[in-house]
1. Among Thr69, Thr65, Thr85, which is buried (at least 17 other Cβ atoms within 10 Å of the Cβ), in contact with a Leu (Cβ under 6 Å, 6 or more places away or on another chain), over 25 Å from Glu9 (Cβ atoms) and in contact (Cβ under 8 Å) with a residue 12 or more places away in the chain?
2. Could we say that Lys219 is more than 19 Å from Val89 (Cα to Cα) and touching a residue at least 40 places away in the same chain (Cβ under 8 Å) here?
3. Based on this model, can you work out whether Leu104 counts as among the hydrophobic types (A, V, I, L, M, F, W, C), modelled with pLDDT of 95 or more and either under 13 Å from Asn159 (Cβ atoms) or over 13 Å from the mean Cα position of the chain (by Cα) (or both)?
4. Taking region 219-260 as the search range and keeping residues that are among the polar types (S, T, N, Q) and in a strand (DSSP E or B), which one is nearest to Phe150 (Cα to Cα)?
5. Going through region 33-62 one residue at a time, which ones are among the polar types (S, T, N, Q) and either on the phi > 0 side of the Ramachandran plot or free of Cβ contacts under 8 Å to residues at least 40 places away in the same chain (or both)?
6. Confirm whether Lys90 is surrounded by fewer than 20 Cβ atoms within 10 Å (Cβ to Cβ) and either within 20 Å of Trp211 (Cβ to Cβ) or in contact (Cβ under 8 Å) with a residue 12 or more places away in the chain (or both).
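The values are calculated or read from the model by the stated rules, or taken from the named source; none is laboratory data. Computed from a prediction, not measured in an experiment: that's the story for all the values here. Heads up, the Cβs are rebuilt from the backbone with ideal geometry, glycines too, and the neighbour counts pull from every protein chain shown.
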Amino acid sequence: MTTTTLVDEVSTILHKAYQTKKPIEFISNQYSLDEATSYAVQDELIKRRCKSEKLEVAGYKISMTSAETQAIANTHEPAYGTLLTNNIVKSGDGVRLSSLFDPLIEPEIMFILEEDLSLEASEGEIISKSRLAAGIEIPDARYIDWFPNFSLTDLLCDNTATGLIVVSESIAPLSIADLMGIKMELFHNGEKISDGDSSAVLGNPVTAVAWLSEKLASKGKVLKKGMTISSGTFISPIRAEKGTYKVSYSQIGEVEITLK
């Protein structure tokens, strides 16, 4: 089977899962794909969804920013997924769990780009051209019993389990040093259930965004003005349940979402 045929076949299977809302078996159970081909499937899936649902690319999310999550997928670096316009919701909104497949909760800082970035942008350039926002990522995959049983192939093909990104009002950027020491507290229905530190995200969330810029540059892509970048989770993912999740970040603010 040629790479083109393989990409077409796998992206068709995943696109159908989106359309029918029926989860599927892992792609890796049937196909053997390397990283480059898996990202090609992601690109084709995004093209098809943009066309069929009249969506646009709105940014990117960074996954596996800790050694623990990289170990799950047997990889040595993070991965990225592509955010579409319908993946982003505002803080305070409500979402029906029935609209999702099998979601998780991850506290993440969001970078909102105010200017286009250079190819392989430095951390300093990223800070100077961004605003920051408190955020929550709600990862969600199209696979049966997906977490933590996925492979890297499964994750990349399914757009890195992109579900929803919850974004608060943005603030002026912090210094690189301040971004390294952000404290986070996560609450569910008013009860604290976790806390964490931004150093868990590759040492500093802006380092994760710099990794993304370099990774995209290798594919001829650049981060553009107006894009939202979800920079990586502070903690291991938590299974999403009904109720209100609120995250408080020192120096950045709060964000919340209600799952109904």
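1. On the way: Thr69 fails: in contact with a Leu (Cβ under 6 Å, 6 or more places away or on another chain); Thr85 fails: buried (at least 17 other Cβ atoms within 10 Å of the Cβ).
The match here is Thr65.
2. Numbers: more than 19 Å from Val89 (Cα to Cα): yes; touching a residue at least 40 places away in the same chain (Cβ under 8 Å): yes.
It is true that Lys219 is more than 19 Å from Val89 (Cα to Cα) and touching a residue at least 40 places away in the same chain (Cβ under 8 Å).
3. Numbers: among the hydrophobic types (A, V, I, L, M, F, W, C): yes; modelled with pLDDT of 95 or more: yes; either under 13 Å from Asn159 (Cβ atoms) or over 13 Å from the mean Cα position of the chain (by Cα) (or both): no.
When the stated conditions are applied, Leu104 does not pass them.
4. Thr233
5. Step one: list which residues in region 33-62 are among the polar types (S, T, N, Q), which gives 37-38, 42, 52.
Of everything in region 33-62, those that are among the polar types (S, T, N, Q) and either on the phi > 0 side of the Ramachandran plot or free of Cβ contacts under 8 Å to residues at least 40 places away in the same chain (or both) turn out to be Thr37, Ser52.
6. On the way: surrounded by fewer than 20 Cβ atoms within 10 Å (Cβ to Cβ): yes; either within 20 Å of Trp211 (Cβ to Cβ) or in contact (Cβ under 8 Å) with a residue 12 or more places away in the chain (or both): yes.
Considered against the rule, which asks whether it is surrounded by fewer than 20 Cβ atoms within 10 Å (Cβ to Cβ) and either within 20 Å of Trp211 (Cβ to Cβ) or in contact (Cβ under 8 Å) with a residue 12 or more places away in the chain (or both), Lys90 comes out as yes.
Residues checked against (1) of a type in the set (Asp, Glu); (2) part of a loop (DSSP other than H, G, I, E, B); (3) modelled with pLDDT of 95 or more:
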{"position": "Ile13", "(1), (2), (3)": "no, no, yes"}
{"position": "Ala17", "(1), (2), (3)": "no, no, yes"}
{"position": "Leu33", "(1), (2), (3)": "no, yes, yes"}
{"position": "Tyr39", "(1), (2), (3)": "no, no, yes"}
{"position": "Glu44", "(1), (2), (3)": "yes, no, yes"}
{"position": "Lys47", "(1), (2), (3)": "no, no, yes"}
{"position": "Leu55", "(1), (2), (3)": "no, yes, yes"}
